[in-house]
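**Q** Starting off with a structure, shown below.
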Amino acid sequence: VNDDPPLAAPTPSGIFVRAARHEDAAEITRLSTLLGYPDGVAELGKRLSLLLDRPADAVFVAQGETTLAGWIHVAEEVHVVSERRCDILGLVVDEHARGRGIGRALVRAGEAWARERGLTRVVVRSNVARTGSHPFYERLAYRRIKTQHVYDKGL
Ligand SMILES: CC(C)(COP(=O)(O)OP(=O)(O)OC[C@H]1O[C@@H](n2cnc3c(N)ncnc32)[C@H](O)[C@@H]1OP(=O)(O)O)[C@@H](O)C(=O)NCCC(=O)NCCS
């Protein structure tokens, strides 16, 4: 049951996009394992709570009848050398729900959120290994502008 108004037109499958809530943590955790992040619901739930309190971040979910079919995390980025923009920081659609317009609806919700904040550009970094996401973003009119190495260091 859900009383939140849908943020985007329903997808053909009747699934609609709404803002995420704390109670979505378990379903978002389940979907995140598909992305290769096998976190526990407790850890993910804490981070979700943090994000839901941050005005410069937004998480949207695709609500199905009983389960979630996907989620997206977008955030406003401010860098010294470039204009304020929106980054897509995470996106996944449940395996059996792909190819039905749900990914597009989630990206559209993120773009609408960014537009409302006055942002005029969206950037997404997609791992070369996520081969399905490349034609997907291109279909949604995203252009590939560079290829990078990513470094990290434990502290
Ligand atoms: C990428 C992903 C989010 C796409 O979600 P989806 O719900 O299947 O995508 P949609 O059904 O909304 O597709 C929108 C358009 O992209 C196209 N598209 C989607 N996946 C595609 C693929 N693998 N190859 C070619 N085209 C694809 C669709 O055909 C559709 O085109 P259309 O306008 O002609 O109908 C989903 O496959 C996924 O979760 N992948 C694993 C995680 C991932 O890669 N996330 C991105 C991290 S940056």
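The values are calculated or read from the model by the stated rules, or taken from the named source; none is laboratory data. On a predicted model such as this, the values are computed, not experimentally measured, just so you know. Cβ atoms come from the backbone with ideal geometry, glycine included; neighbour counts cover every protein chain shown. Accessible surface is based on the protein model in full, side chains and every heavy atom, while ligands, DNA and RNA are left aside. Shrake-Rupley method; radii C 1.70, N 1.55, O 1.52, S 1.80 Å.
**Q** In whole percent, and with a 1.4 Å probe on the protein chains, what portion of the accessible area of segment 19-155 is carbon and sulfur?
**A** Answer for segment 19-155: carbon and sulfur cover 53 percent of the accessible area.
**Q** Using 0.36 nm per residue of separation minus the Cα-Cα distance, give me the extension gain between LYS146 and HIS134 in nm, one decimal.
**A** Contour length minus the Cα-Cα distance gives 3.0 nm.
**Q** Something else now. Quick check: convex hull over the Cα atoms of the chain, volume per residue in Å³, rounded to an integer?
**A** Working: hull volume 22.1 nm³, N = 155.
Per residue, the Cα convex hull of the chain comes to 143 Å³.
**Q** Where only protein heavy atoms count, and the probe is 1.4 Å, what is the accessible area per residue for segment 71-149 in Å²?
**A** Ligands and nucleic acids excluded, the figure is 65 Å² per residue.
**Q** Here's a follow-up. What's the Cα-based Rg to Rh of segment 58-111, Rh via Kirkwood?
**A** 1.09
**Q** Rg/Rh for segment 8-93: what does it come to with C-alpha atoms and Rh from Kirkwood?
**A** 1.00
**Q** Where does each of HIS134, HIS79, HIS22, HIS149 land when they are ordered by accessible area, with a 1.4 Å probe and the largest first?
**A** The most accessible residue leads, giving HIS149, HIS22, HIS79, HIS134.
**Q** Placing +1 on the Cβ of each Lys and Arg and -1 on the Cβ of each Asp and Glu in segment 1-132, which of VAL123, LEU48, GLY14 has its Cα farthest towards the positive end of the resulting dipole?
**A** VAL123
**Q** Treating only the Cβ of Lys, Arg, Asp and Glu as charged (+1, +1, -1, -1), what charge dipole size does the chain show about its Cα centre? Round to the nearest 20 debye. Write down the numbers at each step before the final one.
**A** On the way: 22 positive and 20 negative charges, 152 e Å.
Computed charge dipole of the chain: roughly 720 debye.
**Q** Tell me what the chain gives for mean residue ellipticity at 222 nm when only DSSP H runs of n ≥ 4 count, each as -39,500 (n - 2.57), the sum divided by the residue total, rounded to 500 deg cm²/dmol.
**A** That comes out to -8500 deg cm²/dmol.
**Q** With r defined as the distance between the Cβ atoms of HIS22 and GLU95 and R0 fixed at 35 Å, what FRET efficiency is calculated, to the nearest 0.05?
**A** 0.90
**Q** Taking 0.36 nm per residue of sequence separation and subtracting the Cα-Cα distance, how much length would be gained by fully extending the chain between VAL41 and ARG117, in nm to one decimal?
**A** 24.3 nm
**Q** Among CYS86, ILE102, VAL74, pick out the residue whose Cα is farthest towards the positive end of the charge dipole of segment 66-116, where Lys and Arg carry +1 and Asp and Glu carry -1 on C-beta, about the Cα centre.
**A** Of the options given, the answer is ILE102.
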